[in-house]
Amino acid sequence: MAAPCDLGGRGVLVTRPAAQAEPLCQLLTAAGGRAIRFPTIAIAPVATPQTAALLAEMWDVLYFVSPNAVEQALAQVPDGRWAQVKWVAAVGRGTARVLTAAGRAPDLVPNDRYESEALLAMPELADMRGQRVLVVRGEGGRALFADTLTARGATVHFAEVYRRVQPDVDPAPLLARWADEVAVVMATSDEVLLNLAAMVGATGREQLLQTPLVVIAERTALTAQKLGFKVVKVAARAEDAAIVQAVCELL
């Protein structure tokens with residue numbers, strides 16, 4: 001795939017967890033940019049007998065909210081076939097790729113924006129009366145999907161298989177070179193963005209807010225505006241190529 005633009009060596013702050021950052025960093029490099037890795041979330045596994053039991057039950061819909069959800073669930077159900085599940089659902093293509101690699105391509109994946117709202121709009125989930133649904137997620141995830149399916153008649157349970165934590169990192173080296181090196185910041189969730197603001201602290205706040213920001217959801221754009229960001233762009237889709245395209249359009 002041809003690069004959408006030439007970023008001319010300009011730096012993009014990549015805030016994803018380290019394990020998920022490389023594909024985006026490679027695309028930025030291919031477009032002539034410099035990926036500056038600064039993870040603002042780390043993933044800690046959560047494994048309990050109760051969670052393992054839930055993953056082994058029969059479900060009409062098994063919904064994975066992220067690649068992390070798939071990877072941490074696979075650590076508890078290594079074969080990854082989910083044999084007792086009617087439909088496997090993924091929030092987006094990244095999650096779908098991890099499921100497919102594990103041997104169970106998802107049945108339901110949104111075609112446009114990759115978030116719970118788009119999945120809920122799919123006709124397969126319109127009437128959920130009598131259906132059993134398991135949402136595989138991190139601790140304290142969004143309630144929209146579960147609340148909506150409950151209102152549509154489903155019985156919804158959660159398997160919380162990981163915990164998001166803020167890394168303990170000294171931001172001073174990054175802040176010292178920020179003005180010269182960071183042209184754009186990207187944030188793929190509210191938590192990523194809020195952690196970044198907390199990590200740079202009062203010392204880096206003004207530099208952060210003056211830097212153009214790329215996000216993947218309107219709700220994160222609203223969070224950014226409340227924080228005081230001056231320039232915020234929402235990528236057309238929640239995938240790496242669309243993030244790079246949004247960076248190109250900003251610069």
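The values are calculated or read from the model by the stated rules, or taken from the named source; none is laboratory data. Bear in mind the structure is a predicted one, so any value in this text is a computation, not a measurement. In this analysis, Cβ positions are derived from the backbone assuming ideal geometry, glycine residues included, and neighbour counts consider all displayed protein chains. The accessibility values were calculated without ligands, DNA or RNA, using every heavy atom of the protein model including side chains. Shrake-Rupley method; radii C 1.70, N 1.55, O 1.52, S 1.80 Å.
Step by step: first the residues of region 123-147, then only those that are over 16 Å from the mean Cα position of the chain (by Cα) and in a helix (DSSP H, G or I), then the one that is farthest from Ala90 (Cα to Cα). Which residue is that?
It comes out as Asp147.
Can you name every residue in region 210-246 that is part of a helix (DSSP H, G or I) and in contact with a helix residue (DSSP H, G or I) (Cβ under 7 Å, 6 or more places away or on another chain)?
Scanning region 210-246 gives Arg219, Thr220, Thr223, Ala224, Leu227, Asp240, Ala241, Ile243, Val244.
Can you find even one residue in region 157-179 that is small (Gly, Ala, Ser), at pLDDT 90 or above and touching a helix residue (DSSP H, G or I) at 6+ places or on another chain (Cβ under 6 Å)?
yes
For Ala118, all conditions in the list (1) within 25 Å of Pro17 (Cα to Cα); (2) without any contact (Cβ under 8 Å) to a residue 40 or more places away in the chain; (3) in contact with a helix residue (DSSP H, G or I) (Cβ under 8 Å, 6 or more places away or on another chain) hold save one; what is the number of the exception?
Looking at each condition in turn, Ala118 falls short on (3).
Quickly run through region 208-232 and pick out the residues that are open to solvent by 60 Å² or more (accessible area, probe 1.4 Å) and either modelled with pLDDT of 95 or more or not acidic (Asp, Glu) (or both).
Gln210, Arg219, Leu222, Gln225, Lys226, Lys230, Val231
What pairs can you find where one residue is in region 137-154 and touching a residue at least 24 places away in the same chain (Cβ under 8 Å) and closer than 18 Å to Leu54 by Cα, the other is open to solvent by 60 Å² or more (accessible area, probe 1.4 Å) and of a type outside the set (S, T, N, Q), and their Cβ atoms are less than 6 Å apart, with a gap of 6+ or different chains?
Gly138/Arg164; Glu139/Arg163
Filter region 34-80 down to the residues that are more than 20 Å from the chain's Cα centre (by Cα), surrounded by 13 or more Cβ atoms within 10 Å (Cβ to Cβ) and either modelled with pLDDT of 95 or more or of a type in the set (D, E, K, R) (or both) and list them by number.
Matches in region 34-80: Arg34, Glu57, Trp59, Asp60, Val61.
Is region 159-168 home to any residue that is of a type in the set (Asp, Glu), without any contact (Cβ under 8 Å) to a residue 24 or more places away in the chain and assigned to a helix (DSSP H, G or I)?
no
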